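All remarks here apply to the structure that follows.
The values are calculated or read from the model by the stated rules, or taken from the named source; none is laboratory data. It should be emphasised that the depicted structure is a prediction, and the values quoted were computed from it without experimental measurement. Cβ: placed from backbone, ideal geometry, glycine included. Neighbour counts: every protein chain shown. The accessibility values were calculated without ligands, DNA or RNA, using every heavy atom of the protein model including side chains. Shrake-Rupley method; radii C 1.70, N 1.55, O 1.52, S 1.80 Å.
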Amino acid sequence: MKHFYTGIICKLLLLFVAVTFESRAQAYYPDLINNLSSTITLPDNYTVNQAQNFINEFRKKENSVLGTNLPMITFPGQSTWNNMSIDQRFFWLINKERADRGLVPYSHILPQLDAISQYYADYLRTNNKFVHNADGKTSTQRIASVTGYNTCNDFSPYSENLYYSASTSAYNPWAEIDAITYWLYKDDCCGWGHRRALLYKNMNDNSGKAGEEGFIGLGISKGSFNPSGTTYAFSTVIVFNFFDPCASWNYTASGLNTITGTVTSTNETSFEQPFIITPNPFTDIIHFPKAASFTIFSQYGTFVHDQQEPLLEVNLAHLSAGLYFIIVPGSGSFKVIKQ
């Protein structure tokens, strides 16, 4: 069995000072008393049934500790899960954890916020840092570069969670599940700040589709990492950013990306056939599951290419190596890596 050294970093709780009339009992779902443990270890090639059992062990223990009636989680089918990107799995799982606790789920993955999260994940790993202000900015200052944020956001005391796993032998193949379970169930070290961030109750459901609120961005950086004096060749750093847009947010102009599936407050989950761009990462040609027009932007928001005539595939060998966002009208925005 491989050993993964996992770390999370505490969000400064001084942000609560800005909440003038918002009591802690009102602001977030109840904390746990102590860290919860699991007797289950997911294998490298885990199945959705194994993932369900892993998470449900934590849910049963939470119900016992808090006296709640949190339902057992049901994952999508194996083929659907296999075809989902890590971003989509993360988005689905976070929203399932929120919806099953009666909290409004996030509405979209926002491409600009995704790029900010990816930038900071890469920055932390390549500079061997693991703090919220490693680049000289706070998470809120980084998020402020999202177009429209400064003039259209509803207050939230949280904006960022960090996670890493590290090994000398192999990457953690279930890092997205590990990150969320650490933040939710093993956060005693950090005053439950990560759990409170994930389960924040006071999202102002005043923009976009009713019953959904808030944008997320996810950055995942893999490679060598030395967070505390030891270099791990196989490390995964995850940066999760989020904010609540105001009522007048311009969704049409934002190039929004929504997972192709809806999460309800029960165990029911409905999915459409995912729109998957393959291969990803790629070296030259990428393929679409159906003919599509699209626009490509760099990770810095620079316009790269616009394709009006629908295509099933396109040769992008001329692009420099790096991260790109492909916006497909009607299907969303997709993060791809050119090698």
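A few comments on the model shown:
Yes/no per residue for (1) more than 29 Å from Asn95 (Cα to Cα); (2) of a type in the set (Phe, Trp, Tyr); (3) touching a strand residue (DSSP E or B) at 6+ places or on another chain (Cβ under 9 Å); (4) open to solvent by 40 Å² or more (accessible area, probe 1.4 Å):
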residue: Lys290; (1), (2), (3), (4): no, no, yes, yes
residue: Ser298; (1), (2), (3), (4): no, no, yes, no
residue: Gly301; (1), (2), (3), (4): no, no, yes, yes
residue: Glu309; (1), (2), (3), (4): yes, no, yes, yes
residue: Leu312; (1), (2), (3), (4): yes, no, yes, yes
residue: Phe334; (1), (2), (3), (4): no, yes, yes, no
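- The stretch 132-147, subset part of a loop (DSSP other than H, G, I, E, B) and more than 11 Å from Gln112 (Cα to Cα), residue nearest to the chain's Cα centre (by Cα): His132
- Scanning the stretch 274-288 for residues that are part of a loop (DSSP other than H, G, I, E, B) and either open to solvent by 20 Å² or more (accessible area, probe 1.4 Å) or more than 22 Å from Ile116 (Cβ to Cβ) (or both) gives Pro274, Phe275, Ile276, Pro279, Asn280, Pro281, Thr283, Asp284.
- Some residue of the stretch 176-198 being in a loop (DSSP other than H, G, I, E, B), out of contact with any Leu (no Cβ under 8 Å at 6 or more places or on another chain) and within 20 Å of His108 (Cα to Cα): no
- For the stretch 75-89, the set of residues classified as surrounded by fewer than 14 Cβ atoms within 10 Å (Cβ to Cβ) and assigned to a loop (DSSP other than H, G, I, E, B) consists of Gly77 only.
- Taking every residue in the stretch 245-259 that is of a type in the set (Val, Ile, Thr) and pairing it with any residue that is at pLDDT below 60 and assigned to a loop (DSSP other than H, G, I, E, B), at least 6 positions away or on another chain, the pairs with Cβ-Cβ distances below 9 Å are Ile259/Pro274.
- Flag for Ala175 being under 18 Å from Asp114 (Cα atoms), buried (at least 18 other Cβ atoms within 10 Å of the Cβ) and touching a strand residue (DSSP E or B) at 6+ places or on another chain (Cβ under 8 Å): yes
- For Asp244, the conditions (1) among the charged types (D, E, K, R); (2) at pLDDT below 90; (3) open to solvent by less than 40 Å² (accessible area, probe 1.4 Å) are fulfilled apart from (2).
- Taken over the stretch 94-130, the criterion of being assigned to a helix (DSSP H, G or I), buried (at least 22 other Cβ atoms within 10 Å of the Cβ) and among the hydrophobic types (A, V, I, L, M, F, W, C) is satisfied by Ile94, Leu113, Ala115, Ile116, Ala121, Leu124.
- Enumeration of residues in the stretch 178-193 that are surrounded by fewer than 21 Cβ atoms within 10 Å (Cβ to Cβ), among the hydrophobic types (A, V, I, L, M, F, W, C) and at pLDDT 90 or above: none
- Residues that are open to solvent by 60 Å² or more (accessible area, probe 1.4 Å), under 23 Å from Leu103 (Cβ atoms) and touching an Asp or Glu at 6+ places or on another chain (Cβ under 8 Å) occur in the stretch 205-219; there is at least one.
- Breaking point among (1) in contact with a Cys (Cβ under 9 Å, 6 or more places away or on another chain); (2) modelled with pLDDT under 90, for Ser156: (1)
- The stretch 58-74, residues that are open to solvent by less than 50 Å² (accessible area, probe 1.4 Å), touching a residue at least 60 places away in the same chain (Cβ under 8 Å) and of a type outside the set (A, V, I, L, M): Phe58, Glu62, Pro71
- Candidate set: the stretch 314-323, residues that are open to solvent by 30 Å² or more (accessible area, probe 1.4 Å) and closer than 23 Å to Ser221 by Cα; chosen: the one farthest from the chain's Cα centre (by Cα): Ala317
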